[in-house]
Amino acid sequence: MPLGLLALAVGGFGIGLTEFVILGLLPEVAADFAVSIPVAGHLVSGYALSVAVGGVVVTAATAALRPKTVLCALMVLFIVGNLLSAVSGDYATMFFGRVVAALCHGAFFGIGAVLASNLVASDRKARAISVMFAGLTIANVLGVPLGTFLGQQLGWRSTFWAITIVGVIALAGLIAYVPAKDAAERGPGQLRRELGAFTSGQVWLSILVTVFGFGAMFGAFTYIAPMLTSLAGLPPDAVAWMLVIFGAGLFTGNIIGGKTADGNLDKSLLVLLSALTIVLSAFTLTVHSPAGSAVTLFLLGAVGFAAVPGMQTRVLSFAHKAPTLASGVNISAFNLGNAIGAYLGGTTIAAGLGLASPIWVGAALAVTAVALMGTASLLLRRNQPTGPSGTPETVPHATELTRKAYS
């Protein structure tokens with residue numbers, strides 16, 4: 001495995017830790033700054049909104065620059081943002097630090113996904129992307145529980161000091177091991193070429209699949225803590241262990257997804273999104289059982305995240321020779337899906353439909369993702385050149401698509 005991929009994974013680990021560890025430290029942060037839990041929660045929503053905006057704006061603004069230069073600059077931004085959080089003396093400074101750190105999130109994964117796919121052979125591109133995203137999944141499995149424990153024992157600021165150190169390590173790895181050579185020509189006209197990728201209907205359909213597919217998983221997962229305590233009857237201190245199980249599912253799914261997406265891309269996404277619909281439907285029943293919830297949470301993480309490398313690879317495949325902005329927009333789409341799923345799930349709870357209602361929201365979003373993916377695949381088949389017999393040729397595998405996009 002190229003060491004550059006490992007450096008990207010370390011950066012992904014730090015970014016994932018920054019995004020999610022605050023969830024376990026909200027009471028401590030709120031108490032320290034003398035604000036309510038809902039106000040402290042703005043540190044989460046503000047971060048997510050900044051990711052969605054930064055994934056588009058920052059990627060577009062840096063389109064003409066070398067990917068390695070941009071990634072290193074983004075990691076410096078990440079370090080500064082977390083350092084501000086660690087030393088913040090008031091809520092406003094903490095919030096500003098979160099926004100600064102979040103601005104690098106979407107662009108880092110967007111540009112990093114393109115760079116990762118160019119560090120390996122054409123038949124291993126999706127797996128290379130999954131390696132980078134493995135840092136994000138490991139952050140959920142190990143980083144968040146450990147970061148929460150560290151913050152509870154030594155003060156929440158210690159966690160952000162630790163994240164800052166992770167950022168320094170990632171920056172050193174990027175400088176030392178990521179090649180400076182570009183996969184495609186870049187220059188003053190690069191932004192125009194990047195925008196040209198959005199003339200493809202397949203790019204837009206792929207982005208919509210990301211929004212609804214990822215929103216399906218997080219529509220249910222956002223409210224998992226009250227579900228587990230109120231419906232499954234688990235004690236509050238058991239929720240953290242259930243989250244570890246979910247994180248283990250994410251890690252497993254990321255590995256599986258990287259391998260399956262390097263085969264028949266559209267078929268694998270259709271199968272995984274259909275499986276996600278089934279798992280979410282089953283979760284409406286198993287959520288009332290501790291053991292059933294544990295098994296279903298693992299499957300939810302595994303199936304839901306297994307589609308991520310394929311979602312990202314599909315966007316890169318149809319963005320032709322200017323995939324960076326499309327990749328960044330798709331990273332923003334993941335966060336938009338999070339927001340939509342969480343909002344709709346909260347709306348159903350507020351409407352009195354019960355704590356399990358967000359799971360049905362997730363299932364409905366998954367069905368929508370399957371329909372969109374089916375439409376995209378059908379349109380692709382119809383537009384394929386016909387063979388000698390007049391029948392459409394087969395849908396190209398991910399390796400064939402990416403070879404065209406980067407040749």
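The values are calculated or read from the model by the stated rules, or taken from the named source; none is laboratory data. It should be emphasised that the depicted structure is a prediction, and the values quoted were computed from it without experimental measurement. FYI the Cβ positions are ideal-geometry reconstructions off the backbone, even for glycines, and counts take in every protein chain you see. Ligands, DNA and RNA are stripped out before the accessible areas are found, and what is left, the full protein with its side chains, is counted by its heavy atoms. Shrake-Rupley method; radii C 1.70, N 1.55, O 1.52, S 1.80 Å.
Quick rundown of the values:
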read-out: Residue under evaluation VAL120, criteria (1) more than 17 Å from the chain's Cα centre (by Cα); (2) at pLDDT 90 or above, criterion not met; value: (2)
read-out: Yes/no for VAL29 being β-branched (Val, Ile, Thr), part of a helix (DSSP H, G or I), on the phi < 0 side of the Ramachandran plot and over 18 Å from the mean Cα position of the chain (by Cα); value: yes
read-out: Any pair with Cβ under 7 angstrom, 6 or more apart, that starts in region 25-49 at a residue that is over 21 Å from GLY143 (Cα atoms) and ends at one that is in a loop (DSSP other than H, G, I, E, B); value: ALA30/SER36; PHE33/ASP90
read-out: Spans of helices (runs of 4 or more DSSP H) in region 305-407 with at least 3 residues modelled with pLDDT under 80 and more than 30 Å from ALA48 (Cβ to Cβ); value: 398-406
read-out: Residue in region 15-29 that is in contact with a Leu (Cβ under 8 Å, 6 or more places away or on another chain) and closer than 23 Å to ILE129 by Cα present; value: yes
read-out: Residues of region 242-297 that turn out to be surrounded by fewer than 21 Cβ atoms within 10 Å (Cβ to Cβ), among the small types (Gly, Ala, Ser) and either part of a helix (DSSP H, G or I) or in contact with a Lys or Arg (Cβ under 9 Å, 6 or more places away or on another chain) (or both), as a count; value: 8
read-out: Within region 253-280, considering residues that are modelled with pLDDT of 95 or more and not aliphatic (A, V, I, L, M), the one farthest from VAL315 (Cα to Cα); value: THR277
read-out: Pairs with Cβ under 6 Å, 6+ apart, first in region 149-165 and at negative phi, second open to solvent by 30 Å² or more (accessible area, probe 1.4 Å) and at pLDDT below 95; value: TRP156/GLU28; SER158/LEU150; THR159/LEU150
read-out: Positions within region 230-252 being aliphatic (A, V, I, L, M) and modelled with pLDDT of 80 or more, in sequence order; value: LEU231, ALA232, LEU234, ALA238, MET242, VAL244, ILE245, ALA248, LEU250
read-out: Pairs where the first residue, in region 345-370, is closer than 12 Å to PHE218 by Cα and the second is in a loop (DSSP other than H, G, I, E, B) and β-branched (Val, Ile, Thr), C-beta under 7 Å, 6+ apart; value: GLY345/THR222; PRO358/THR222; ILE359/VAL287
read-out: Verdict on PHE95 being of a type in the set (Phe, Trp, Tyr), buried (at least 19 other Cβ atoms within 10 Å of the Cβ) and under 25 Å from ASN254 (Cβ atoms); value: no
read-out: Members of region 306-322 that are out of contact with any Pro (no Cβ under 9 Å at 6 or more places or on another chain) and open to solvent by less than 10 Å² (accessible area, probe 1.4 Å); value: ALA306, ALA307, VAL308, PRO309, GLY310, MET311, GLN312, THR313, ARG314, ALA319, ALA322
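Residue by residue, here is whether (1) within 20 Å of ASN254 (Cβ to Cβ); (2) crowded, with 18+ Cβ neighbours inside 10 Å; (3) in contact (Cβ under 8 Å) with a residue 40 or more places away in the chain; (4) touching a Lys or Arg at 6+ places or on another chain (Cβ under 6 Å) holds:
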{"position": "ALA52", "(1), (2), (3), (4)": "no, yes, yes, no"}
{"position": "VAL58", "(1), (2), (3), (4)": "no, yes, yes, no"}
{"position": "ALA63", "(1), (2), (3), (4)": "no, yes, yes, no"}
{"position": "LYS68", "(1), (2), (3), (4)": "no, yes, yes, no"}
{"position": "LEU71", "(1), (2), (3), (4)": "no, yes, yes, no"}
{"position": "VAL87", "(1), (2), (3), (4)": "no, no, yes, no"}
{"position": "VAL100", "(1), (2), (3), (4)": "no, yes, no, no"}
{"position": "SER130", "(1), (2), (3), (4)": "yes, yes, yes, no"}
{"position": "ASN140", "(1), (2), (3), (4)": "yes, yes, yes, no"}
